[in-house]
Number of protein chains: 2
Amino acid sequence: MTRRLHLNAFLMGVGHHEAAWRHPRTEPARLTDVRHYQELARIAERGKLDSVFLADGVALQGNVAHNALGGLEPLTLLSALAAVTDHIGLIATVSTTYNEPFHVARKFASLDHISGGRAGWNIVTSAGEAEAGNFGIERPSHARRYARAAEFLEVTRKLWDSWEDGAILRDRAAGRYADTGKIHPIEHAGEHFAVRGPLNTSRPPQGHPLLVQAGSSEDGKEFAAHYAEAVFTAQQTLEEAREFYDDLKGRLAAYGRKPGELLVLPGISPIIGSTEREALLLEKELEDLIIPAYGLAQLSRMTGLDLTEGDLDGPLPDVPAETEGAQSRRKLVVDLARREHLTVRQLIGRLAGGRGHLVMAGTPEQIADRLQEWFTGGAADGFNIMPPILPGGLSDFVDHVVPELRIRGLFRHEYEGRTLRDNYGLARPRSRYEQAVAS
Amino acid sequence: MTRRLHLNAFLMGVGHHEAAWRHPRTEPARLTDVRHYQELARIAERGKLDSVFLADGVALQGNVAHNALGGLEPLTLLSALAAVTDHIGLIATVSTTYNEPFHVARKFASLDHISGGRAGWNIVTSAGEAEAGNFGIERPSHARRYARAAEFLEVTRKLWDSWEDGAILRDRAAGRYADTGKIHPIEHAGEHFAVRGPLNTSRPPQGHPLLVQAGSSEDGKEFAAHYAEAVFTAQQTLEEAREFYDDLKGRLAAYGRKPGELLVLPGISPIIGSTEREALLLEKELEDLIIPAYGLAQLSRMTGLDLTEGDLDGPLPDVPAETEGAQSRRKLVVDLARREHLTVRQLIGRLAGGRGHLVMAGTPEQIADRLQEWFTGGAADGFNIMPPILPGGLSDFVDHVVPELRIRGLFRHEYEGRTLRDNYGLARPRSRYEQAVAS
């Protein structure tokens, strides 16, 4: 069988471009309107995409004076999307730093039941300082956040396994609802958590929801190699993307995993026009709507440096070595500025579209060319699509780029199965508590 | 205008009767099937009921060997119900003991946006010991749980107020999305929580979701008088219900509140037949399906006493004075057994239908008579309807009891507004951060 690429639609308000809310093709009042997201999920499903994804943080981050912030919480939102779709996977970001594994395991189990096996969890550790302030604690160190995340994952996986698949009997005549020998307390006692279990929601249809991750630091990559089944990543060039791909896949063996058990999905914000000129015009329109003060604040957040007082038309100032929290994204931004000799203003323009992810303006054919190049060139198993404006940018992708990928034999014509794991071609895990069957 | 009663449908798996899952009119495989709950919500909405409600705990409680447990998590489920309904209120139970106020405020704000202003929160403090074991802590004392709950409520209310109603400008031309002078850090620093804020979801349509409570202890009643807008309560007789009603309403003035700002909704499990004989037959059918071992375990849980080794056909043994955790329900159970001279087996039968709530078998007219008696007799502002089997028991209520209530002028023919607060006739709170407008 031909190798097929996978496509995730990264949904973000009325678009990924930071000025999307000012563009005449968007309606910013839809930011908290569930029908907007339901429309997006339906468009993605019409295109037979693998999944939709919602990022999240637990603080008001970014400058709401100049951007459309204050939207919906991903888990509640995805349930409402599950109700109006049948095949599309539903991936929510939830932090392991400010949550309890019992709640998180249960909510994802519930979403997985509600969606008939379409739940995915993008695991983040919450680098931001603002987030710590909403939970009355000092922001834990990078290493400590990842140590907690690893134990958090151990606990949630045990909880999802705590009901074996055959546990529910529903024997009305005998009055036996479940075989309690197949429902297990997990009795977890670790450094960060003590959790008795079992879960009070039965085993999710997928066994475990799909586990997704996006950190690119050393800790992040090791965590991904251990736990993740799909990785979202920001890469600017084919070479860097290939290097990241090989690096990550090479780490899997140490955890007893095969390369095919983790899919690498670089992000791309496709600015689509029926001609190249039309695409470049749309890109220019969006660029003209950027508010420099906002862009500077974003750049400062992304790099962890205060650049708000800098010269817009000068080069990026020299920056100190890596610091806690924003390492991997800072390196990408600095490399980009140096490689292309960008002024701060130009850099802001380049980042406004995708916050460090690849932005590409072009025709559907040109965009398909680039995806094909990365996919066949050992840099990607698929892509995280970040439309600059929504819903228009997603329907343009689904209606014009996806057919082009199909013609080239790179993308599915129909869904192959029912679950998110089916979409991504990943196996359903067995419960760790299952007895080996005597042969 | 005539005083109208309010009706909440308390949804629980395939029915409130503990043997419901064994009854031929239910399908226990629907326990984790979202379509089952969507059907229930649509039935309730067809009857123009005020709301549906989901109870919850954060541990597997009760004996899953003999009962249909392990269902869905309420907040994720209610979002999926919001997607297929337009008017019905959506009330979820969430504990203040094992949660963080930022998460809870945000999820309810999100559900309120998703549903267009139909979210309600049933606030519980989690008396169970099993729950503490899933969060690695000792179960806090009753007093401490209520102290935490009160501060939890202060924080969540501040967070819902943190975006004033006029905060969002959406001025595209000027590039001003929000007036940051109307978005406020809450800077809460208390005994249990330190939360900076603001919330990262804008102000919910209802201002605050409807606040519901169900504790009947002294602490519980004071908490309700301070914060709750609707109270679910278990009452066996008109006299007791009236006493509770007067007690609770009498406590409101101390918090500067009027009697109409809190609605009292006793629970009732109506076993409905077109004749009294048919109703009694259904009751008997369900009773015959009870598993005594399960009933004993439930009775032990309800009273906080180990009765699993007791004599089924003897009277309830003498029980010690009140202990931590299960006070109010224990008193109700003991009073019921003594008042009606019940054996343990009979008591189990009486409790199997409603766990201490009133169970009544009869024709639609007889049930309407009882509701009318309590409503006009100063014992209730409405009722928490707990159908013994689902969906059948709910559609019987909606199709046969509700019309009878309408004929008597006691219940609405059409929804009067759009939000849950509109349904219950309760005001929308203003943000505490709003400046008084100069006249």
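Laid out as a table, the results:
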| item | result |
| --- | --- |
| Among residues of the range A:14-30, those that are within 14 Å of chain B (Cβ to nearest Cβ) and surrounded by 23 or more Cβ atoms within 10 Å (Cβ to Cβ), counted | 9 |
| Residues being in contact with a strand residue (DSSP E or B) (Cβ under 7 Å, 6 or more places away or on another chain) and not small (G, A, S) - total across the range B:70-97 | 11 |
| The listed residue being under 30 Å from B:E45 (Cα atoms), hydrophobic (A, V, I, L, M, F, W, C) and crowded, with 21+ Cβ neighbours inside 10 Å, out of B:A149, B:A178, B:A167, B:A109 | B:A109 |
| Subset tally (residues that are part of a helix (DSSP H, G or I) and within 13 Å of B:P388 (Cβ to Cβ)) for the range B:234-270 | 0 |
| Selected residue (only one of A:G133, A:G166, A:G128 is touching a Lys or Arg at 6+ places or on another chain (Cβ under 8 Å) and over 21 Å from A:L60 (Cβ atoms)) | A:G166 |
| Verdict on B:E404 being open to solvent by 30 Å² or more (accessible area, probe 1.4 Å) and either assigned to a helix (DSSP H, G or I) or modelled with pLDDT under 95 (or both) | yes |
| Meets criteria (of a type in the set (G, A, S), outside any helix (DSSP H, G or I) and buried (at least 24 other Cβ atoms within 10 Å of the Cβ)) for B:G207 | no |
| Count - residues of the range B:271-295 that are within 14 Å of chain A (Cβ to nearest Cβ), within 26 Å of the chain's Cα centre (by Cα) and not in a helix (DSSP H, G or I) | 1 |
| Any chance B:G197 is away from chain A (no Cβ under 12 Å) and either open to solvent by 10 Å² or more (accessible area, probe 1.4 Å) or in a strand (DSSP E or B) (or both) | no |
| Scan of the range B:250-265 for residues that are in contact with a Gly (Cβ under 9 Å, 6 or more places away or on another chain) and surrounded by 21 or more Cβ atoms within 10 Å (Cβ to Cβ), ordered by number | B:L263, B:V264, B:L265 |
| Hits in the range A:413-439 - residues which are open to solvent by 10 Å² or more (accessible area, probe 1.4 Å) and among the charged types (D, E, K, R) | A:E414, A:E416, A:R418, A:D422, A:R428, A:R430, A:R432, A:E434 |
| First in the range B:280-307 and over 21 Å from B:L332 (Cα atoms), second anywhere and among the basic types (K, R), Cβ under 7 Å, 6 or more apart | B:L289/B:R22 |
| Unmet criterion (only one of (1) within 21 Å of the chain's Cα centre (by Cα); (2) more than 9 Å from every other protein chain (Cβ to nearest Cβ); (3) open to solvent by 10 Å² or more (accessible area, probe 1.4 Å)) for A:A119 | (3) |
| Residues located in the range B:67-104, provided they are small (G, A, S) and facing chain A (nearest Cβ under 7 Å) | B:A68, B:G70, B:G71, B:S79, B:A80, B:A82, B:A83 |
| Tally of residues being open to solvent by 40 Å² or more (accessible area, probe 1.4 Å) and away from every other protein chain (no Cβ under 11 Å) across the range A:31-54 | 4 |
| Check on B:D422, within 26 Å of B:L282 (Cα to Cα) and at pLDDT 95 or above | no |
| Exclusive hit being surrounded by fewer than 23 Cβ atoms within 10 Å (Cβ to Cβ), within 14 Å of another protein chain (Cβ to nearest Cβ) and either under 23 Å from the mean Cα position of the chain (by Cα) or of a type in the set (A, V, I, L, M) (or both), set B:A132, B:A143 | B:A132 |
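The values are calculated or read from the model by the stated rules, or taken from the named source; none is laboratory data. Fair warning: this is a prediction, and the values are worked out from it, not measured in the lab. Positions of Cβ are backbone-derived with ideal geometry, glycine not excepted, and every protein chain shown enters the neighbour counts. Heads up: the accessible areas ignore ligands, DNA and RNA and are worked out on the full protein's heavy atoms, side chains in. Shrake-Rupley method; radii C 1.70, N 1.55, O 1.52, S 1.80 Å.
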